[in-house]
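Take a look at the structure set out below.
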Amino acid sequence: MAERTKYILDEADMPTRWYNVVPDLPEPPPPPLHPGTREPVGPDDLAPLFPQALIAQEVSTERYIDIPEEVLDVYRLWRPSPLFRARRLEKALGTPARIYYKYEGVSPVGSHKPNTAVPQAFYNAAEGVTRLTTETGAGQWGSALAFASAVFGLECEVWQVRASYDQKPYRKLMMETFGATVHPSPSELTESGRAILAADPGSTGSLGIAISEAVEQAAQAENTRYALGSVLNHVLLHQTIIGEEALKQFELAGDTPDVLVGCTGGGSNFGGLAFPFLREKLAGRMDPVIRAVEPAACPTLTRGKYAYDFGDTAGLTPLLKMHTLGHDFIPDPIHAGGLRYHGMSPLISHIYELGLIDAVAIGQEDCFAAGVRFARTEGIIPAPEPTHALAACIQEALRCKETGEEKVILTALCGHAHLDLPAYGAYLAGDISDHALPDEVLEKSLAGLP
Ligand SMILES: *Cc1c(COP(=O)(O)O)cnc(C)c1O
């Protein structure tokens with residue numbers, strides 16, 4: 001019989017619940033604090049920014065949360081997503097390891113982001129919100145929210161980091177095609193933007209600045225709420241459909257992962273794949289090593305501090321206990337725009353502190369080499385972000401080659417690079433290099449922690 005390449009679930013077998021890892025952890029994560037009082041934030045503090053349903057999910061201690069039928073209906077446009085066995089990559093590496101990847105590039109915008117954009121738009125619309133604001137870097141999140149807003153009839157206004165707005169016109173066109181309005185950030189439209197421009201008229205922006213602008217707008221306008229594409233508990237919750245599907249697909253494959261790797265920007269695709277496997281690990285049903293992979297240029301888990309910090313540059317958000325490089329840290333302009341965030345999800349940070357996952361940082365040259373290797377064997381050109389996971393996956397597979405271990409590796413392939421091809425162009429032209437991130441730079445930005 002021919003060897004299988006992909007494992008596809010029937011629509012009828014798509015999971016109908018998200019998994020909340022919090023009740024299964026040995027200790028609960030520390031709560032977010034109000035930036036003024038430094039007391040734990042209550043639902044009222046968050047109400048100007050988020051609808052009640054999402055606030056309830058943010059603090060939920062229920063193990064499972066039903067996915068609304070309206071959301072399942074939109075998910076069915078591309079879900080369940082395929083799990084592939086990377087046989088050609090295994091062969092090219094000459095490894096005895098078995099490599100699997102869960103591919104989220106089949107979504108309408110080419111990444112995992114719609115898994116949370118769709119429920120966020122749904123809950124906002126259900127509570128009478130008419131307009132959403134958000135930030136975006138390279139544009140993956142902005143295009144996902146623009147798509148979801150179109151589905152549920154919401155206006156969508158996006159502040160896009162200036163550098164990407166200028167360099168990556170296609171994502172902006174995608175957002176506009178879905179009906180969103182896109183502003184370069186910093187902008188003259190908000191107090192936070194004007195303050196940055198006054199100090200530095202040529203500012204190319206950062207995610208932290210763009211978040212300040214979007215939050216400020218949502219807090220001030222009627223019927224407007226803010227949506228965040230990563231970091232928060234409810235976002236990671238929505239992404240767990242990835243891991244729940246993958247568990248079912250591993251049953252089809254008759255295999256069990258020994259190592260799980262995913263790239264981490266704010267932690268949502270990694271948490272989404274890993275948490276259902278972490279549940280199985282904590283219950284003693286499997287024992288995979290779970291590894292987060294971050295860029296050497298923005299190493300929040302491996303070199304950041306575990307401390308309360310703001311989610312944005314202006315200090316408008318609640319204080320989150322997380323691995324952080326400092327809220328005004330501006331990373332090198334590496335091509336993996338989705339991994340250039342100063343903080344890490346509080347849940348992932350907490351789980352890392354508990355010793356339940358490990359983390360490595362990899363420079364972008366090695367990552368693009370892995371991306372090209374993957375493209376030439378498996379035929380999918382990975383987005384610059386998941387090339388980090390692939391680089392770690394290849395490292396593990398090559399270790400297996402040395403030791404002869406037949407490990408089973410599962411990697412999160414969270415998006416394709418069809419709108420990021422200039423990054424591959426730069427790599428192929430030899431224009432990509434790694435810059436060291438000196439300790440002094442980190443010390444300086446960490447000195448600004450609240
Ligand atoms: C946004 C994004 C990331 C980083 O965000 P996480 O929340 O860490 O997943 C990674 N990969 C892709 C393709 C993205 O769009």
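The values are calculated or read from the model by the stated rules, or taken from the named source; none is laboratory data. From a predicted model like this one, the values you see are computed outputs, not experimental measurements. Note that we place each Cβ from the backbone using ideal geometry, even for glycine, and neighbour counts take in every protein chain shown.
So the values come out like this:
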item: Hits in region 328-387 - residues which are of a type in the set (F, W, Y), closer than 15 Å to R303 by Cα and modelled with pLDDT of 95 or more; result: Y352
item: Residues being surrounded by fewer than 20 Cβ atoms within 10 Å (Cβ to Cβ) and outside any loop (DSSP other than H, G, I, E, B) - total across region 305-356; result: 6
item: Residue check for E245: away from the ligand (no atom under 16 Å from the Cβ) and in contact with a Gly (Cβ under 8 Å, 6 or more places away or on another chain); result: no
item: The one condition in (1) out of contact with any helix residue (DSSP H, G or I) (no Cβ under 7 Å at 6 or more places or on another chain); (2) surrounded by fewer than 16 Cβ atoms within 10 Å (Cβ to Cβ) that R76 fails to fulfil; result: (1)
item: Neighbours by Cβ (under 7 Å, 6+ apart or cross-chain): first from region 412-430, touching a residue at least 40 places away in the same chain (Cβ under 8 Å); second aromatic (F, W, Y) and near the ligand (Cβ under 9 Å from one of its atoms); result: A412/F270
item: Residue within region 159-175 that is among the β-branched types (V, I, T) and modelled with pLDDT of 95 or more present; result: no
item: Residue count, region 31-53 (criterion: farther than 22 Å from H238 by Cβ and assigned to a loop (DSSP other than H, G, I, E, B)); result: 7
item: Any pair with Cβ under 7 angstrom, 6 or more apart, that starts in region 32-46 at a residue that is over 17 Å from L449 (Cβ atoms) and ends at one that is β-branched (V, I, T); result: P43/I55; L46/I55
item: Unmet requirement for A392, which otherwise passes all of (1) surrounded by 18 or more Cβ atoms within 10 Å (Cβ to Cβ); (2) not acidic (D, E); (3) not in a helix (DSSP H, G or I); result: (3)
item: Odd one out for T240 among (1) buried (at least 20 other Cβ atoms within 10 Å of the Cβ); (2) closer than 23 Å to G326 by Cα; (3) among the hydroxyl-bearing types (S, T, Y); result: (2)
item: Failed criterion for L252 (all others in (1) more than 11 Å from the ligand (Cβ to nearest atom); (2) in contact with an Asp or Glu (Cβ under 6 Å, 6 or more places away or on another chain) hold); result: (2)
item: Lone qualifier among G284, G311, G315 - being free of Cβ contacts under 8 Å to residues at least 24 places away in the same chain and among the small types (G, A, S); result: G284
item: Test: A283 is small (G, A, S), within 19 Å of the chain's Cα centre (by Cα) and farther than 29 Å from Y226 by Cβ; result: no
item: Residue match in region 381-397 (condition: out of contact with any strand residue (DSSP E or B) (no Cβ under 9 Å at 6 or more places or on another chain) and aliphatic (A, V, I, L, M)); result: no
item: Condition met for L33 (more than 16 Å from the ligand (Cβ to nearest atom) and buried (at least 18 other Cβ atoms within 10 Å of the Cβ)); result: yes
item: Residue list for region 208-230, restricted to those being buried (at least 24 other Cβ atoms within 10 Å of the Cβ) and aliphatic (A, V, I, L, M); result: I209, A210, I211, A214, V215, A227, L228
item: Test: A148 is more than 15 Å from the ligand (Cβ to nearest atom) and part of a helix (DSSP H, G or I); result: no
item: Selection from region 101-130 of residues that are within 14 Å of the ligand (Cβ to nearest atom) and either assigned to a loop (DSSP other than H, G, I, E, B) or modelled with pLDDT under 95 (or both); result: E104, G105, V106, S107, P108, V109, G110, H112, K113
item: Scope region 255-276; condition within 16 Å of the ligand (Cβ to nearest atom) and over 17 Å from the mean Cα position of the chain (by Cα); matching residues; result: none
item: So T133, is it modelled with pLDDT of 95 or more and either in a loop (DSSP other than H, G, I, E, B) or not assigned by TED's automatic domain parsing to the domain that holds M174 (or both); result: no
item: Out of A195, A92, A180, sole residue that is touching a Cys at 6+ places or on another chain (Cβ under 6 Å), farther than 25 Å from G243 by Cα and small (G, A, S); result: A180
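Each row is one residue, and each column tells you yes or no for (1) within 16 Å of the ligand (Cβ to nearest atom); (2) part of a loop (DSSP other than H, G, I, E, B); (3) modelled with pLDDT under 95.
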| position | (1), (2), (3) |
| --- | --- |
| L189 | no, yes, no |
| A195 | no, no, no |
| A198 | no, no, no |
| G205 | no, yes, yes |
| I209 | no, no, yes |
| A214 | yes, no, no |
| R225 | no, no, no |
| L228 | yes, yes, no |
